[in-house]
Structure formats: C-alpha cells, structure tokens
Amino acid sequence: MLTHICLNIRGALQQSDGELRSWIGNIEHDGVKCRNVSEVRRFLIEALGQGYEYIGPEECDNFDPKKGCMGHPVKGNNDAEGEIP
C-alpha cells in the first residue's frame, strides 16, 4: 500500500516566515495563489479552523482531514513499487 505525502498543518504553522516563503505561489487560497507569507499562514489557519489537521494533493481519493492519506493499493505485485491508482 502506498500513501500520498501530506502536510501537517500544525507543524507548518510552527515554521518561520523564511521557511514558509518558498510556499508563496504554490498554495491557492480561494482560487488565488498566495502572494506572501501572511496569506500562506491565513490559508493554514483557516484549514485548521475547518477541522483539517492535514492537507494533501487534490488527486488523493482516500483522504481523511484528520489523518491524511489513508493509502492506496499498489497495482501488480505486493512490493513498494508501482503506481498509485
């Protein structure tokens, strides 16, 4: 079983402004890309307020906002290689 990488929101909020600066332009908030660290933090705080502990990729179809990606079976053999369906 493979899982998507998910972001722990509480952990992200503990990062410095310098660490969050690289997120600018990579996170969308209300359909608009975050343009500064304040907007990134606002996005994270609002997600936490909506009950999310984790955020993950949009394509994850087995996502729990409290636990993150719940896993995906691997097509083919049972080893760790394969594609997430």
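Pairs linking a residue in region 1-14 that is modelled with pLDDT under 95 to a residue that is among the polar types (S, T, N, Q), with Cβ atoms under 7 Å and 6 or more positions apart or on different chains, do not occur.
Remark: pairs (first residue in region 63-75, in contact (Cβ under 8 Å) with a residue 40 or more places away in the chain and farther than 9 Å from Met1 by Cα; second residue surrounded by 13 or more Cβ atoms within 10 Å (Cβ to Cβ) and of a type in the set (Ser, Thr, Tyr); Cβ separation under 9 Å; 6+ apart in sequence or on different chains) = Phe63/Tyr54; Gly68/Thr3; Gly68/Tyr54; Cys69/Thr3; Cys69/Tyr54; Met70/Thr3. Considering region 1-14, and only residues there that are outside any strand (DSSP E or B) and of a type outside the set (A, V, I, L, M), the residue that is farthest from Phe63 (Cα to Cα) turns out to be Gln14.
Looking across region 15-33 at every residue that is at pLDDT 95 or above and either among the β-branched types (Val, Ile, Thr) or not in a helix (DSSP H, G or I) (or both), the one that is farthest from the chain's Cα centre (by Cα) is identified as Ser16.
Rundown of residues vs (1) in contact with a His (Cβ under 7 Å, 6 or more places away or on another chain); (2) modelled with pLDDT of 90 or more, yes/no style:
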| site | (1), (2) |
| --- | --- |
| Phe43 | yes, yes |
| Gly51 | no, yes |
| Gly71 | no, yes |
| Gly76 | no, no |
| Glu81 | no, no |
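The values are calculated or read from the model by the stated rules, or taken from the named source; none is laboratory data. The shown structure was predicted, so the numbers you read here are calculated from the model rather than taken from an experiment. All Cβ positions, even for glycine, are placed from backbone atoms using ideal geometry, and neighbour counts span all protein chains on display.
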